[in-house]
Amino acid sequence: MGAEKNTAWRIGAFWRRYDIALLGGAIFAFILLITILASVVAPYDPMARNIRNLFATPSAENPFGTDQLGRDVLSRVIHGGRPILSASFTAVFSALAVGTTVGVAGGYVGGWLDTALMRLMDVMLSFPSILLAILIVATLGVGLLNVTVAIGFAMVPVFARLARSIVITLVYEEYVAAARSLGASDLHIIWKHILPNMMPPIIVQASAMLAVAIGTASALNFIGLGVEPGTPDWGMMVAEGQRLIFDAPHVPVFPGLVITITVLSVNYMGDGLRDHLDPKLRRQGI
Amino acid sequence: MISYLLKRLIWLPIVLWAVSSLTFLALRIVPGNPIQTVQNQVMDKSQLAQVEAVWGLNRPITEQYANFLSKLVRGDLGLAMSSGVPIRRMIFERMPPTIELAIVSLVISTGIGVLSGVASVTIRNRAIDYSVRTASILGLSLPLFWVGIMLIILFSVKLRWTPTSGRIGAGVDYDVITNFMFYDLIATGNWQAFGSYLRHLVLPSVTIGLTSAGFVARLTRSAMLEVMNSDYIRTARAKGLYERSVIWKHAMRNAMLPIITLQGLQFGAILGGAVITERVFSYPGMGAWLLDGILERDYSVVQGGIIFVALAYVLMNLLVDILYHVIDPRLRNPSF
Amino acid sequence: MFRRRTFSATLIVILLLFSLGTATAEDPQYGGTLVFGAESMGDSFDIGFWHGFGGVHVIDTIGEGLVRADFENGGALPGLAESWEISDDGLVYTFHIREGMTFHDGEPVTAAAIVRSMKRPINPDDPSYIEGMYMYGNQGTGNWESLEAVDDHTVVLTLMQPNATQLLVFSRPDGIIISPKALDEYGTEVGLNMSAAGPYKIERFVPGQEAVLAANEDYWAGRPYIDQIVIRAFPDEAAILAALEAGEIDMTLYAPFTSVPRLQNSDTIRVEVGAPLVNLFAGANVAMAPLDNVLIRRAINYALDRDVLIEAGLNGFAERPASLIGPLDLGFDESGREISVYDPERARELIAESGMETPIPLEVAYENNRFWPQLAELIAADLEAVGFDVTLDRLDTGSFWGKVGDGQTQLSINQRSTFVPDPHGKAILMARAGAEGSQTQHQALEVADEIDSLITAGISTAVEAERAAVYKEFQALMLDHLPYIYIGYLTPPIFVNARVQNVETFGTAGGRINLREVWLSE
């Protein structure tokens, strides 16, 4: 009996501590599920045009209305998560991996390597990221992969600088010095002492950058340099619908709402994960 | 400190060289060239070749690059290929509006971001904490063209409080001295124009400010959380210092470091990257100009513009680094 | 013998009153400020360069060339030249310059000043000469034997070859005359300090943002009605609509077409319909399979459901197409309307006849702005319905023209609006000289030479009946071989505030706004 009560109490405490994070996780899981099962769930073919039924307002047949080509907005919203989510996640995680490596290498090794890497990051950063992305897509052509490359490339220095700034404060912490004096190898120190301490801020940054990635993807579509034409994609739908905001607001508003909900849920998850992982915070019980 | 500064300054021309070379190269890789773009339908091949020869586009790329660098070293940015206007003149027209926009946006985002970040940590109320966090993530995730047009619809079309777009009212008379209107209009005592100018600046700077306030609020929140639980704050509390003075003196002092870094980066990002905001608000800044330059493949515009953006960015970062050293003496170490 | 055309001032007024269809019973009023929303504002108004349509609007409002264009009836109207004679062989043009005119900076408009300004693109010694000025290419300078001021008010132009369009190109934006004082004083930066002789003068110019223009009290045809015109850039379509609804702009061509139904019910905004001056079409790259096969090009022609394209793609703002020449152009052949029609059965038959295996892969390229994406998706649907496998190639402006110029597109959708009311402006798309850089790559067309000689014939005679016959033949040949497939003639909505009166809907439809007779009520 006592053990059962204990378990229930633990679950309750866990929920109280991570309520919003769990809720975020549930919503995101739901969105992911819908996205994966899009072709089963969607009531219509997202590409099916009906020029007799343009700009229909939301109704029982088309809960989200129809767009400028008479396509069902709900079906397009359901199908539209896959491209933008896969592009944004891939971009952020690639940038995270590359950027963190660069930052740790620079911050930990120091000296000329640090200087060279950080100046290289400066060069990348001093080129406005949206213009860099535009230039990359203009060169490679529109399409999901190119958009991913463009967004990810521009984010590398953000992670590199963040990682470095954390590393340079950590290398002077007592426990790193202690580990060193005990003869631990550099890789061991990085793996055991630096990375765990670095993860919380990196995770927060990554979930925020996901929002930025989705924003950039939408912006690229707005300029006309996004995914392939016709593809159902939230960013593209919002971008193409912006000019319809006065006349057919349902066309851009629904995909816009879904973007917002997705980003919020991911960020709450990120925050919860951070709180869970951060050894300092865990000690404090906050 | 001085030797550190000098070391950083030595890097300045190298970074600028790298940025301009990469820009040069990138532009040559992008398909299409300025002449094809502008004179699209009727110019025949011989005319095309003639104009290309004028701009040196027919020479080998190495020669074009050497030519570009030698002009750059002499400070000659050339003429815009599409309009024939000297680039330095365009920088004078486009840079000040964007710098003004960047500064006001940063003031807004710092104000909103820090206040809400601090509030979410210090006021021990989950509702406030979560609403601040929600608002800040909303700011991050909403596309700028979306926020911008929403603000226009609400404040300009429905409420008619602010003008929809531009830098100053249509047909308002004023003198241009530095093209920093904030200075020019005060210096000339042109208060009517000054009012119009401020009203036009509100929406675009709020658009950028709101979206980047999200970053600041999150950073403030996490930096505060970390600091609030560190040993010396607990010591300070134990010493019986008032909560408020603990927060502002100690915690903020430490939270300032990442905020300054972030805002330094943001400043650079806004300088060339307020592309969407400038477009939606028809604001005549660098971002909109560079976007047009890229879309029209106007090599000299993009090359010239990017160098100035990079210069401003590097200088801003230098400033940030100096502030760092002033604020946190721990960072004065030889590894820099 | 000389053909002499002299117009008295009263005749011009009568003509204008007739041509401006919306004239109300009210008397025109003087005064007020009109804000025009443009899609861009250039960084200069140097007429040697292209500065987007915002720049063209400013140049058209401040400038004037030797002649002006009559967009409604075709032909030239007097401008700085009050009359002219053309020799029988079509080689010698004698322009009589109106007396007593001044530029905005007060300099007198003399024959010498005009010649100086017109020679700017071919005179490297001129202090305002800029290497790389490309827009002047339209002025035909390469065909000028000599250009001289024989006295203060007579300019004589001698050509090497006759050119029936020579007179009208002087009405182009790049044909406006610039004050010699401005050319001397500002040199290569004259574009930032333009002084011309049109109905408005520049009061202030903020590059990239706006041009503030004031009525020219000394304009030869009389002071225009409106005191001040502000031409301001609004690159974003939703923002331009917001500005229109907030009453910040009085007139624009650049709001989304989709807003028209709602705006038509508004008390404060009126929508007028422009004349069909702009031709929308798909260019077929005849140098590349599968479009090198005329059967395929014909199949595409019959596959396009123009009614749907116009209704769903352009919100009804277009007329059904006929050919490359427009309905207001000299020599327009009505019979093209029977060929540029929707007949999917026929399209399928033609594809079967070609023996090609379906679905036929086909790339459709277009620019990523305005109504092009919408139109392209509808075209793709039509083509897929008859047996094509369409890949949409959405490109930014730079990439689009880069790809077209390199002959890398297959079917590419675009438009042609000519700045003068003359069929040559559209026919020249098919000239041999520009073929390698064109959408159709028509050097590979079996009748390329025949078409080229028709284009040459079209401008080497000044007799209208002969020219009309040449263009009829040209259209028939074009419809037979279909290097271009026609979508429609755009009749663009012109958005105005209800207080704007007497809007000119002809030149305006082709991007040449004419504000000299517009006035504001209330």
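No lab work stands behind these numbers, since they all come straight from the coordinates. Being a predicted model, the structure only gives us computed values, none of them experimental. Positions of Cβ are generated from backbone atoms using ideal geometry, with glycine treated the same way; all protein chains shown enter the neighbour counts.
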### Query
Fewest first, what order do C:Arg306, A:Arg16, B:Arg160 take by the number of other Cβ atoms within 10 Å?
A:Arg16, B:Arg160, C:Arg306
### Query
Most exposed first by the Cβ proxy, i.e. fewest other Cβ within 10 Å, how do B:Tyr313, C:Tyr30, C:Tyr136 rank?
C:Tyr30, C:Tyr136, B:Tyr313
### Message
Taking the Kirkwood radius as the inverse of the mean 1/r across Cα pairs, report the Rg/Rh of region A:73-284.
### Response
1.07
#### Entry: Extreme residue, positive dipole direction of chain A, given options A:Ile261, A:Leu96, A:Pro229 (C-beta unit charges)
A:Leu96
### Query
Over the alpha carbons of region C:64-194, what is the largest minus smallest coordinate on each principal axis, giving the biggest first in Å?
40, 33, 32
## Note on the structure
In whole µm²/s, the translational diffusion coefficient that Stokes-Einstein assigns to region C:406-487, given a Kirkwood hydrodynamic radius over C-alpha pairs, 37 °C and 0.692 mPa s, equals 247 µm²/s
### Query
Between C:Thr154 and residues 5 or more places away or on another chain, which pairs have amide H atoms under 5 Å apart, with H built 1.01 Å from N, and which residues are they?
C:Ile97, C:Ala111
### Task
At 37 °C and 0.692 mPa s, grab the translational diffusion coefficient of region A:128-220 from Stokes-Einstein with a Kirkwood Rh over Cα pairs, rounded to a whole number in µm² per second.
216 µm²/s
### Query
Taking only DSSP H segments of four or more residues, each worth -39500 (n - 2.57), what value at 222 nm results for chain C once the sum is divided by all its residues, to the nearest 500 deg cm²/dmol?
-7500 deg cm²/dmol
### Query
By DSSP, what percent of the beta bridges with both residues in chain C are antiparallel, rounded to the nearest 5?
75 percent
### Query
Top mean-square fluctuation among B:Met286, B:Met95, B:Met252, Gaussian network model of chain B, C-alpha springs under 10 Å?
B:Met252
### Query
Which values, in whole Å and largest first, are the semi-axes of the equivalent ellipsoid of the protein assembly as shown obtained as the square root of 5 times each eigenvalue of the Cα gyration tensor?
56, 34, 28
### Query
By counting other Cβ atoms within 10 Å of each Cβ, how are B:Ser105, B:Ser131 ranked from fewest to most?
B:Ser131, B:Ser105
#### Entry: Among A:Thr115, A:Ile168, A:Ser75 the positive-end extreme of the charge dipole of region A:73-284 (Cβ point charges)
A:Ile168
## Note on the structure
Reduced to Cα centres, the span from region B:190-231 to region A:109-125 in Å works out to 29 Å
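What is the Cα radius of gyration of chain C over 2.2 N^0.38 Å, N being its residue count?
Here the Cα radius of gyration is 0.98 times the empirical estimate.
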#### Entry: Positive-pole candidate from C:Ala243, C:Leu183, C:Gly208, dipole of region C:182-247, charges at beta carbon
C:Ala243
## Note on the structure
In order over region C:116-131: 3J(HN,Hα) from phi, Karplus 6.51/-1.76/1.60, θ = phi - 60°, whole Hz, x for each Gly or Pro, gives 4, 5, 5, 7, 3, x, 10, 10, x, 7, 5, x, 9, 5, 10, 4
### Task
State to the nearest 20 debye the size of the charge dipole of region C:278-490 about its Cα centre, where the only charges are +1 on K and R beta carbons and -1 on D and E beta carbons.
400 debye
### Query
Given charges of +1 on the Cβ of Lys and Arg and -1 on the Cβ of Asp and Glu, with all other atoms neutral, how large is the dipole of chain C about its Cα centre, in debye to the nearest 20?
400 debye
### Query
Under a GNM of chain B (C-alpha, springs under 10 Å), which listed residue has the highest mean-square fluctuation: B:Arg28, B:Arg126, B:Arg199?
B:Arg126
### Message
In whole Hz and in residue order, list the ³J(HN,Hα) couplings for region A:77-83 that follow from phi through the Karplus curve 6.51 cos²θ - 1.76 cosθ + 1.60, θ = phi - 60°; x for Gly and Pro.
### Response
5, 5, 7, x, x, 4, x
### Task
List the aspartates and glutamates whose Cα lies under 19 Å from the Cα of B:Lys239, skipping any in the same chain that are fewer than 8 positions away.
B:Asp231
## Note on the structure
One checks the Cα atoms of chain B and finds Rg and Dmax, in Å, of 23.7, 84
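Please get the size of the charge dipole for the protein assembly as shown, origin at its Cα centre, with Cβ charges of +1 on Lys and Arg and -1 on Asp and Glu, quoted in debye to the nearest 20.
Value, rounded to 20: 6620 debye.
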#### Entry: Members of B:Lys7/B:Lys71; A:Lys192/B:Lys7; C:Lys403/C:Lys426; C:Lys119/C:Lys403 lying beyond 30 Å, as alpha-carbon distances in this model show
A:Lys192/B:Lys7; C:Lys119/C:Lys403
## Note on the structure
Long-range alpha-carbon pairs in region A:182-236, meaning those over 15 Å apart, account in percent for 63 percent
### Query
Taking only C-alpha pairs under 8 Å that are 6+ residues apart, what is the relative contact order of region C:64-194 in percent?
32 percent
### Query
With θ set to phi - 60° and the Karplus curve 6.51 cos²θ - 1.76 cosθ + 1.60, what are the ³J(HN,Hα) couplings of region C:322-333 in order, to the nearest whole Hz, using x for Gly and Pro?
10, 8, 5, 7, x, x, 8, 7, 4, x, 4, 10
### Query
Evaluated at 10 °C with a viscosity of 1.306 mPa s, what Stokes-Einstein diffusion coefficient in µm²/s does region B:1-130 have when Rh comes from the Kirkwood expression over alpha-carbon pairs?
81 µm²/s
### Query
222 nm [θ] for chain A, helices only, -39500 (n - 2.57) per DSSP H run of 4+, per residue, to 500?
-25000 deg cm²/dmol
